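The values are calculated or read from the model by the stated rules, or taken from the named source; none is laboratory data. All figures in this text were calculated on a predicted structure; none of them were measured in a lab. Virtual Cβ from ideal backbone geometry, glycine too; neighbours counted across all protein chains shown.
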Amino acid sequence: MSTSPLDAWITDDDEIASLLHQDWDRQTTTVQLIASENFASPSVLAATGSILTNKYSEGYPGRRYYGGNQVVDEVEDLARRRLTALFGADHANVQPHCGANANVAVYEALLNAGDTILAMRLDQGGHLTHGSPASITSKFWKFVSYGVTPRSDDPEKPGEIIDFDNVRALAHEHRPKLIVAGATAYAREIDPVPFREIADEVGALLMFDSAHVAGLIAGGSHPDPVPYADVVTFTTHKTLRGPRGGAIICREEFAKKIDSAVFPGQQGGPLEHVIAAKAVAFKEASQPSFSIYTQQVVANCKAFGRALASEGFRLVSGGTDNHMLLLDLRDFDAELTGKVAQEVLDRAGITTNRNTIPDDPRSAFITSGLRVGTAAETTAGMKEKEFETIASFMARALRHRDDDLALAAVRHEVAALCADFNPYSNFTK
Ligand code: DSN
């Protein structure tokens, strides 16, 4: 049983070798709570670091612009077959280098420049590619944005959930060609059914951006958008636990347009070493053990949320149904910003990211919120009890944020916890 994948990273570049070892130390002696991160398996790491990086293969299996692609064709076909089988989809494109590329390729495939897209606003939980003014998407297409319902402190009727009345009203007013479901900072289930209904009412296509929840969908721990959406995009490295990258699945009628939009529309040579690693991850995600993993991710997140709430943090939307929690820090401490909390927790060995909360009075650089997730440390074997302990570490660190000794003490206890949960002792060959 391997406790470190570093032996596989033989390099005669001392500086890079040293940096890899430093990040190995960071990854295994501090707690990884970034909701979009995970620990990829040794097989995924090996494929990503493989000789397929040497090959040029612009085009698609059977239709390449370079010779010597007989084996690569088999690799990419295998990845596509495994992906369509995993999600029950008609067609798969495994070439997008990242989730943003996947989303832009869908817009390019299905729309003309200037067409209207209805998507979730960034500060309400959406993604940059859902039309943020900072994203190139807003320069080519016209975005109309929906948001979440107002905050509610009634546990029976939680607020800050997708406002389907708002989605429907905007859809009828603006008649978008495409509606985008999906989010990047949203802790609740996203039901694809009302999105489909609204899209049908106004004759729009429906794209489900499942970047965050793709692994949960594969494992049966989140509603499945595939029967409802025309196109589903995702990243392969978050809850899906594969290599860093993107992918698209769609109905057969859109297959050709999607493929042309990815290549040659947007990208050149595909990263076949990463595509091989995606194939490995798709196989891993089809195993019964992966389903058990995703159930544990969600159970851990619910326990983590309860423990954080009992420490005085307000959970945006009152809780979680998935792998992430969005914390409103203002109830814990009105002076504490997301930026300061992220920096203090870093010093205490707890890796998180600051995030805006709905209607945040602070800027996206400062924020009043913090986003945390359970996908990575669940891979390392942590369960509810460990996440309750981490909640208490977070509260202690943030309460004593000006006390170096207190932060050092938390960091020491975090390292002791991590010592029992090496992410690479759980993977079987
Ligand atoms: N990086 C993604 C995330 O952290 O959710 C957004 O692009």
Can you confirm whether R63 is crowded, with 19+ Cβ neighbours inside 10 Å, within 27 Å of K283 (Cα to Cα) and either basic (K, R) or free of Cβ contacts under 8 Å to residues at least 24 places away in the same chain (or both)?
no
Look through the stretch 66-90, keep the residues that are more than 17 Å from G215 (Cβ to Cβ) and crowded, with 21+ Cβ neighbours inside 10 Å, and return whichever of them is farthest from the ligand (Cβ to nearest atom).
N69
Of those in the stretch 112-132 that are in contact with a Gly (Cβ under 6 Å, 6 or more places away or on another chain) and outside any loop (DSSP other than H, G, I, E, B), the residue modelled with the lowest pLDDT is Q124
Exactly one of V213, V232, V298 is within 16 Å of the ligand (Cβ to nearest atom) and under 28 Å from E377 (Cβ atoms), and that one is V213
Test each condition in (1) over 20 Å from the mean Cα position of the chain (by Cα); (2) within 16 Å of the ligand (Cβ to nearest atom); (3) charged (D, E, K, R) for D123 and report the one that comes out false.
(1)
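Per-residue answers, yes or no, for (1) in a loop (DSSP other than H, G, I, E, B); (2) touching a residue at least 40 places away in the same chain (Cβ under 8 Å):
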site	(1), (2)
H21	no, no
E37	yes, yes
L52	no, yes
V72	no, yes
A89	yes, yes
Considering every residue within the stretch 91-112, establish whether at least one is within 17 Å of the chain's Cα centre (by Cα) and either among the hydroxyl-bearing types (S, T, Y) or more than 16 Å from the ligand (Cβ to nearest atom) (or both).
yes
I'd like to know if the stretch 321-332 contains one or more residues that are of a type in the set (S, T, N, Q) and over 21 Å from E160 (Cα atoms).
no
For the stretch 140-165, which positions are under 22 Å from A100 (Cα atoms) and modelled with pLDDT under 95?
none
Six or more apart or on different chains, Cβ under 7 Å: which pairs go from a residue in the stretch 115-143 that's closer than 21 Å to S317 by Cα to one that's away from the ligand (no atom under 13 Å from the Cβ) and acidic (D, E)? Could you list them?
D123/D360
Going through R168, R241 one at a time, which residue ends up being crowded, with 23+ Cβ neighbours inside 10 Å, among the charged types (D, E, K, R) and at pLDDT 95 or above?
R241
Filtering the stretch 151-169 for residues that are more than 22 Å from V232 (Cβ to Cβ) and in contact (Cβ under 8 Å) with a residue 24 or more places away in the chain leaves a count of 6
It is to be established whether one or more residues within the stretch 24-33 are among the hydrophobic types (A, V, I, L, M, F, W, C) and within 16 Å of the ligand (Cβ to nearest atom).
yes
Select from the stretch 179-208 the residues that are among the β-branched types (V, I, T) and buried (at least 24 other Cβ atoms within 10 Å of the Cβ) and write down the one among them that is nearest to L327 (Cα to Cα).
I190
